[in-house]
Structures are given as structure tokens and as C-alpha cells.
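Asker: Pasting a structure here, questions to come.
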Amino acid sequence: MNDYSIPQRPRRNRKSAHIREAISETSVRASNLLYPMFLLDGQEKKEEISSMPGIFRQTEDHVLREVEACMNLGVGMFALFPAVDDSLKDEFASYGSARDNFYCRSIRAIKSRFPEAIIMTDVAMDPYSSDGHDGFVENGKILNDETLPILAKMSLAQAEAGADILGPSDMMDGRVGYLRDALDENGFTEVSIMSYTAKYASAFYGPFRDALSSAPKFGDKKTYQMDFRNVKEALLEARLDEDEGADFLMVKPALSYLDVISALSRNSNLPIAAYQVSGEYAMIKAAAANGWLDESRIVHETLSSIHRAGASIILSYYAKQYAGYLASIKA
Ligand code: PBG
């Protein structure tokens with residue numbers, strides 16, 4: 001029939017669902033997912049974040065139920081972010097290192113109910129800072145070295161509360177090594193550090209800042225978060241974090257930074273994490289709510305792409321919903 005031959009026909013390997021499944025190079029499991037949650041002080045409060053439908057600021061009692069539901073779906077890692085009342089914020093982010101603040105109390109409660117749950121904390125000043133910046137501010141400048149002891153104090157309070165992984169999201173230079181030393185000197189050698197290694201100054205964080213009312217009171221975060229036009233800088237940050245003792249390297253945001261994930265995963269022996277951030281979640285939700293995109297397929301595709309690029313851990317507001325899809329497919 002045809003007068004020429006096509007010896008290689010890649011379509012042969014796509015001809016059945018079974019073959020496609022057998023040769024698929026990546027599949028995101030529930031165990032790859034880490035679920036970020038917003039924590040409120042008090043009891044029985046649950047407020048939906050308007051720019052993140054389906055995601056809530058909620059009190060410990062609700063969070064405990066969420067953790068249980070997630071664990072039943074195979075999602076066992078959680079990141080907590082505190083929504084702190086403005087009246088508790090000051091320029092030193094003092095509330096962040098108060099050992100009995102509601103954040104630390106909730107970590108204790110979760111770890112005592114679910115010792116197997118992996119709890120990652122947020123180490124940065126912004127949720128507690130009256131300036132809304134991740135570092136200490138003086139005369140309109142974010143000071144690097146003055147911030148480090150504040151972050152260390154916050155880290156020790158979190159470690160003492162039972163945190164498994166600290167997540168410095170602040171982007172100060174030298175903070176991974178500084179926190180590692182502080183942890184080790186205080187006997188917390190088993191507490192891990194997931195460094196926000198390549199955290200870009202991104203417009204995709206908008207809904208998160210709504211959730212915590214943590215937008216900077218002046219300026220932007222470009223003197224500490226990375227320029228999104230760069231990738232070499234991410235390799236430098238990765239080398240420094242490795243040398244300083246990080247256990248995981250994170251790239252954030254995720255979908256617009258697949259090249260960065262891929263570069264880090266090829267250049268490092270440490271596991272790579274990626275954060276599908278609030279704006280990425282909001283975009284999918286908004287399009288799905290309008291009937292413009294098929295939500296579950298888009299989530300499957302974006303998470304798979306992030307995984308394929310080289311992230312073994314994916315922080316995603318879709319973690320629970322996606323694990324639910326996976327469970328329903330299996331059932
Ligand atoms: C702040 C922090 C931010 C996020 C995590 N930690 C926002 C920021 O840097 O302003 C963003 C996460 C998201 O958008 O989902 N330390």
C-alpha cells in the first residue's frame with residue numbers, strides 16, 4: 001500500500017491504555033504531595049480565602065480533621081502557615097518566636113495526635129512582621145545579618161514544638177547554615193531543613209498574601225527574592241544551600257520554573273521539591289469555575305509536569321483534592 005517504510009512508529013507504544021500506563025515515566029503518587037494549610041488561632045473557625053476557593057484559614061480542630069482525612073488518602077506531609085492578628089505583629093516579628101504561640105501549640109497538638117504526620121514550618125518574619133517583609137527592616141532596608149538570629153529563635157521554638165522540617169522561605173543569605181548550627185547546638189540534629197533555594201520574586205504569591213494579610217507595607221521583595229529572568233543564580237543558591245547543610249532544595253513557584261527544577265535536579269544529589277503556589281492554584285480554579293478548563297485533567301497534567309521536571313516533593317493546594325481523584329480512580 002505505502003511505497004515507503006516507516007520503521008520507527010512511536011504511535012505503536014500509544015495504542016492502548018495498558019501500554020501507555022506500563023511505559024509511563026512519571027506518576028505522581030499521594031506520597032509525593034505536601035499540603036500547605038493556613039492556621040488560625042482559636043476554635044471552630046473556618047474562613048474560605050476568596051482568591052483560593054476550596055482553601056481555608058482554619059483553627060487547629062479543623063486542621064486536625066484535615067490532617068486525618070489527608071493521611072487516609074496517603075498524603076502525609078503538611079506545611080503550616082499562621083494567619084496572625086495584626087495586633088500581634090511588630091517590627092521584630094516577636095510573636096514568631098514565642099514558644100507558646102498558637103502556631104507552636106498547634107504543631108504540638110498535631111504531632112501528639114498524628115506522630116507519623118510530617119510537619120513543615122515556615123521560617124520567615126512576614127506572617128508576624130508589622131512591615132510585612134521576610135527580614136528585619138531598618139530605614140527602608142531589609143537587613144540580612146540582623147535577620148538571622150530572629151529566624152534562629154523562631155526555628156528553635158518550632159523545633160521544640162515538634163516540627164519535622166523547617167522551611168526557611170525568607171531568602172536571607174547564609175540562613176540555612178545559621179539555622180543548621182542553631183538546631184545542632186540545641187540538640188535538634190534530627191530536624192530537617194527544606195530550603196526555599198530558588199524562590200523567585202513572583203506575582204503568583206498574591207492570593208497567599210491575601211490569605212495571611214502579609215503583603216509588604218512598602219516596596220517589594222526583589223532585594224531578597226530572585227529575579228525571574230535568571231537560572232544561573234538558582235544554581236549558585238543550590239550550591240550554597242548544599243554546603244550549608246540543607247536536606248531538600250525547593251523551587252518556587254513551580255509551573256513557570258520547570259527549567260529551574262530540571263537544572264537543580266540534574267546538578268544536585270539532594271531531593272528537589274517544588275511549590276505550586278497560590279496563584280497557580282487560583283488560575284486553575286478560576287478557569288475551571290468558568291467551565292474553560294477541565295480541572296482534574298489540568299491538575300494531573302501540571303503536577304505530572306512538575307514531577308517530570310525533577311521534583312520528587314510537590315507542595316500543592318491541590319494535594320488533598322488530587323489524592324482524592326487518585327483514590328477514586330483506584331476504587
Ligand atoms: C513568605 C511566603 C510566601 C509564600 C510562602 N511563604 C509569600 C511571599 O514570599 O510573599 C507564598 C506561597 C504561595 O503563594 O502559595 N515567607
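The values are calculated or read from the model by the stated rules, or taken from the named source; none is laboratory data. All figures in this text were calculated on a predicted structure; none of them were measured in a lab. Here Cβ is always computed from backbone atoms with ideal geometry, including for glycine, and neighbour counts include all displayed protein chains. To get the accessible areas, we keep the full protein, side chains included, count just its heavy atoms, and leave off ligands, DNA and RNA. Shrake-Rupley method; radii C 1.70, N 1.55, O 1.52, S 1.80 Å.
Asker: For the stretch 91-99, state whether one or more residues are open to solvent by 20 Å² or more (accessible area, probe 1.4 Å), farther than 17 Å from LEU326 by Cα, in contact (Cβ under 8 Å) with a residue 60 or more places away in the chain and among the polar types (S, T, N, Q). Lay out the reasoning, then the answer.
Answerer: Step one: list which residues in the stretch 91-99 are open to solvent by 20 Å² or more (accessible area, probe 1.4 Å), which gives 91-92, 94-95, 97-99.
Those left that are additionally farther than 17 Å from LEU326 by Cα: 91-92, 94-95, 97-99.
Imposing the further condition that a residue be in contact (Cβ under 8 Å) with a residue 60 or more places away in the chain reduces the set to 97, 99.
Of the ones still in play, those that are also among the polar types (S, T, N, Q) are 97.
Within the stretch 91-99, one or more residues are open to solvent by 20 Å² or more (accessible area, probe 1.4 Å), farther than 17 Å from LEU326 by Cα, in contact (Cβ under 8 Å) with a residue 60 or more places away in the chain and among the polar types (S, T, N, Q).
Asker: If you don't mind, another one. Where in the stretch 199-270 are there helices (runs of 4 or more DSSP H), lying wholly inside it, with at least 2 residues that are under 17 Å from SER316 (Cα atoms) and within 16 Å of the ligand (Cβ to nearest atom)? Give the steps one after another, and end with the answer.
Answerer: Details: elements: 206-212, 232-244, 258-267.
So the answer is 206-212.
Asker: Here's another thing I want to ask about it. Name the residues in the stretch 124-151 that are of a type in the set (A, V, I, L, M) and either assigned to a loop (DSSP other than H, G, I, E, B) or open to solvent by 10 Å² or more (accessible area, probe 1.4 Å) (or both), would you?
Answerer: Hits for the stretch 124-151 are ALA124, MET125, VAL137, ILE142, LEU143, LEU148, ILE150.
Asker: Let me ask another. Taking the residues in the stretch 170-201 that are small (Gly, Ala, Ser) and either in contact with a Ser or Thr (Cβ under 8 Å, 6 or more places away or on another chain) or crowded, with 23+ Cβ neighbours inside 10 Å (or both) as candidates, determine which candidate is nearest to LEU148 (Cα to Cα). First the steps, then the outcome.
Answerer: As a first pass, look at the stretch 170-201 and keep what is small (Gly, Ala, Ser): 174, 177, 182, 187, 192, 195, 198, 201.
If we keep only those that are either in contact with a Ser or Thr (Cβ under 8 Å, 6 or more places away or on another chain) or crowded, with 23+ Cβ neighbours inside 10 Å (or both) too, we end up with 182, 195, 198.
Values: ALA182: 10, SER195: 14, ALA198: 18 Å.
That would be ALA182.
Asker: Any chance you could count how many residues in the stretch 277-331 are among the acidic types (Asp, Glu) and open to solvent by less than 30 Å² (accessible area, probe 1.4 Å)? Break it down into steps so the answer makes sense when it comes.
Answerer: As a first pass, look at the stretch 277-331 and keep what is among the acidic types (Asp, Glu): 280, 294-295, 301.
Pick out the ones that are also open to solvent by less than 30 Å² (accessible area, probe 1.4 Å) and you get 280.
Summing the residues that are among the acidic types (Asp, Glu) and open to solvent by less than 30 Å² (accessible area, probe 1.4 Å) in the stretch 277-331 gives 1.
Asker: Given the conditions (1) more than 26 Å from ASP173 (Cα to Cα); (2) within 16 Å of the ligand (Cβ to nearest atom); (3) open to solvent by less than 20 Å² (accessible area, probe 1.4 Å), which single one is not true for ILE110?
Answerer: In the conditions (1) more than 26 Å from ASP173 (Cα to Cα); (2) within 16 Å of the ligand (Cβ to nearest atom); (3) open to solvent by less than 20 Å² (accessible area, probe 1.4 Å), ILE110 misses (2) alone.
Asker: Which ranges mark the strands (runs of 3 or more DSSP E) fully within the stretch 1-113 that have 2 or more residues being under 27 Å from LEU156 (Cβ atoms)? Talk me through it step by step, then tell me what you get.
Answerer: Working: elements: 33-40, 46-49, 52-59, 77-82.
Those strands (runs of 3 or more DSSP E) span 33-40, 52-59, 77-82.
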